[in-house]
Amino acid sequence: MAINVRNITKSFRNEEMERLSILRNISFQIENQEFVSFVGPSGCGKSTLLRIIAGFLKADEGAVEIDGKEIEGPGKDRLMVFQDYVLFPWKSVWNNIALGLKLGKNDKEYVKSRVAWAIDMVGLNGFEKSYPHQLSGGMKQRVAIARALVMEPKILLMDEPFGALDSFTRMRLQDELVRMCDKKEFTTCLVTHDCEEAVYLSDRILVFTDSPAQIRDVVCVDLPRPRKRTDPRFIQLKDEVQELVMETWKNEKERLS
Amino acid sequence: MKGKIKPFLQGCLAIAALVGLWALASKTGIFGKMDPEDAELLLPMPQVVCEEFWELLKSGYLLSNIWVSMKRVLVGFGIAVLIGLPLGIFMGMSVTVRNFIYPLVRFFSPIPGVAWVPLAILWFGLGDRAAIFIIVMGSLSPIIINSLQGVLNVDRSLYDALHMMEANGWQVVYHCIVPSIVPYVISGFRLGLGFAWRVVIAAEMVGVPKGLGYVLSVGRNTANTSVTIITIISLGIIMMLMEEVLFRVLENRTSKWKQWE
């Protein structure tokens, strides 16, 4: 499904009740089945933007449209994969993954076959009866991804999903994500701090300025998949994105001094 | 298994030491402070108390009174749970409900359960109903407050996860709130049940007939020290057994995932 973000503005109140502008008049479109990353300095508001698209937060102004229809709240067409997994500690892996289908009152046999498919997809066979606290961070995130995929979302929203993982686990999960997205079943928005990750996964990268966030630049990644991290063009694109992010930091410093 | 035997033996040793000290105090007239014959009256020897214990058990007097108190506690505590648990959950879920009820809870919770005895006897007469009313009043607030605290401490991102899966209100309660608050509710129940016993003993001592507190006050009025000591020992045993039966079961059920805390 295509996402149309129209003139989104959002501010929060801090403890002294001052208004802090987080997002200012942001507009962009994401095409059906496109993979788009949001990159920018930490605290710039890209996660806030993702939460607005998910429907967890309401924008002060502007709207988010999915295939031309304005969203009114969270929905199972747009599923989020959180950085800190957000699994249910009292549910086994199987039950965590099956939860969404069970809530929708699906037929038991259907739930069983879908969950088996999802567990297979993320490679968690044999861990169905484990509880989240028994799993490593990477495996917890696999559960969270399976929990989303099992419901066949049209849009997958990922908020720094691999940020808390070690670099080997991160690379493996990135590869698996590429494989899953390759089937062209959903549109993906990824918030990340990792420029290499953004270039490795995305079709397009939106680079945000520091808060109030605005779109600084858009980088199109025109490399065929699977991509090689050592490819000169890959490194060039990564440096370009990095440079853009660092520049927004520099501007910030100049503004402060 | 070895790891369990050692603490058990140490516990037994502590009890044996206490009984030894008790026997010594009784024998020496509270360490020479009084005539040993008077001491027999104030603090009878352990074996005398044991014999009396056995007599009371055999006659059924002790057990029937324990049963009377136990029934009052269980019914009163059960009613307190039926009122307090849903109320605490609703207060946690709705700010409006919380704003209405919380001042009342804060007002009533510091009032000791025994303070309700005169009113309870006036309203319900001398009997089970008065005792049950007092127990409900005495054990309600820890149950409400702990359930409320549990709901307020639910991981908010779990709500997000459920909302994006389009869960309805009841599903949020069932899949998220109820399992989250179990540890809080257990400690609320513990406190509530403790209060319930304290209150029922006090109420039975000051007026409500029959029950363990009544046995205690009869023991006092007839200067029968053995009976009062026996009552105290029985109470200790009952509390320990209740703890094992009620809470061990609940905690075992949640131990599978509890390590996450």
Count of segment A:52-92 residues which are more than 9 Å from chain B (Cβ to nearest Cβ) and aliphatic (A, V, I, L, M): 9
Just name the residue that is farthest from B:L126 (Cα to Cα) out of those in segment B:201-233 that are surrounded by 24 or more Cβ atoms within 10 Å (Cβ to Cβ) and not hydrophobic (A, V, I, L, M, F, W, C). B:T231
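When segment B:174-200 is examined, which residues are found to be more than 25 Å from the chain's Cα centre (by Cα) and buried (at least 16 other Cβ atoms within 10 Å of the Cβ)?
To start, the set of residues in segment B:174-200 that are more than 25 Å from the chain's Cα centre (by Cα) comprises B:174-177.
B:H175, B:C176, B:I177, listed by residue number.
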Assess whether A:R179 counts as being at pLDDT below 95 and within 30 Å of A:N106 (Cα to Cα). yes
From A:W94, A:W117, which residue is more than 23 Å from B:V172 (Cα to Cα) and either touching a residue at least 60 places away in the same chain (Cβ under 8 Å) or aromatic (F, W, Y) (or both)? A:W117
Out of (1) over 30 Å from A:K129 (Cβ atoms); (2) in contact (Cβ under 8 Å) with a residue 40 or more places away in the chain; (3) not in a loop (DSSP other than H, G, I, E, B), the one A:Q29 does not meet is (2)
Just checking, does segment A:10-18 include any residue being on the phi > 0 side of the Ramachandran plot and either assigned by TED's automatic domain parsing to the domain that holds A:E240 or part of a strand (DSSP E or B) (or both)? yes
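Given A:R216, A:R179, A:R225, which one is over 27 Å from A:G43 (Cα atoms) and surrounded by 13 or more Cβ atoms within 10 Å (Cβ to Cβ)?
Numbers: A:R216 fails: over 27 Å from A:G43 (Cα atoms); A:R179 fails: surrounded by 13 or more Cβ atoms within 10 Å (Cβ to Cβ).
Among A:R216, A:R179, A:R225, only A:R225 is over 27 Å from A:G43 (Cα atoms) and surrounded by 13 or more Cβ atoms within 10 Å (Cβ to Cβ).
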Within the set of pairs 6+ apart or on separate chains, which have a first residue in segment B:219-242 that is of a type in the set (V, I, T), a second that is assigned to a loop (DSSP other than H, G, I, E, B), and C-beta atoms under 9 Å apart? B:T225/B:L43; B:T225/B:P44; B:I229/B:L43; B:I229/B:P44
Return the residues of segment A:145-169 that are among the small types (G, A, S) and over 12 Å from the mean Cα position of the chain (by Cα); say none if nothing qualifies. A:A146, A:A164, A:S167
Residues satisfying the stated conditions in segment B:116-174, i.e. among the acidic types (D, E) and under 21 Å from A:A98 (Cα atoms): B:D155, B:D160, B:E166
Filter the helices (runs of 4 or more DSSP H) completely within segment B:153-252 down to those with at least 2 residues that are within 14 Å of another protein chain (Cβ to nearest Cβ), within 30 Å of A:R51 (Cα to Cα) and out of contact with any His (no Cβ under 9 Å at 6 or more places or on another chain). B:156-164, B:169-172, B:178-206
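Is it true that some residue in segment A:148-165 is of a type in the set (G, A, S), surrounded by 22 or more Cβ atoms within 10 Å (Cβ to Cβ) and closer than 27 Å to B:E166 by Cα?
So in segment A:148-165, the residues of a type in the set (G, A, S) come out as A:148, A:163-164.
Filter once more, so that each one left must be surrounded by 22 or more Cβ atoms within 10 Å (Cβ to Cβ): A:148.
Subsequent filtering for residues that are closer than 27 Å to B:E166 by Cα retains A:148.
For segment A:148-165, residues of a type in the set (G, A, S), surrounded by 22 or more Cβ atoms within 10 Å (Cβ to Cβ) and closer than 27 Å to B:E166 by Cα: present.
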Report the residue count in segment B:46-78 for those that are under 26 Å from B:L18 (Cβ atoms), of a type in the set (D, E, K, R) and in contact (Cβ under 8 Å) with a residue 24 or more places away in the chain. 1
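Name the helices (runs of 4 or more DSSP H) wholly within segment B:1-45 that hold at least 1 residues that are in contact (Cβ under 8 Å) with a residue 40 or more places away in the chain?
On the way: elements: B:2-27, B:29-32, B:36-42.
In segment B:1-45, B:36-42 are the helices (runs of 4 or more DSSP H) which contain 1 or more residues that are in contact (Cβ under 8 Å) with a residue 40 or more places away in the chain.
The values are calculated or read from the model by the stated rules, or taken from the named source; none is laboratory data. All values reported here derive from a predicted model rather than from experimental measurement. Ideal geometry is used to build each Cβ from the backbone, glycine not excepted, and the neighbour counts take in all protein chains shown.
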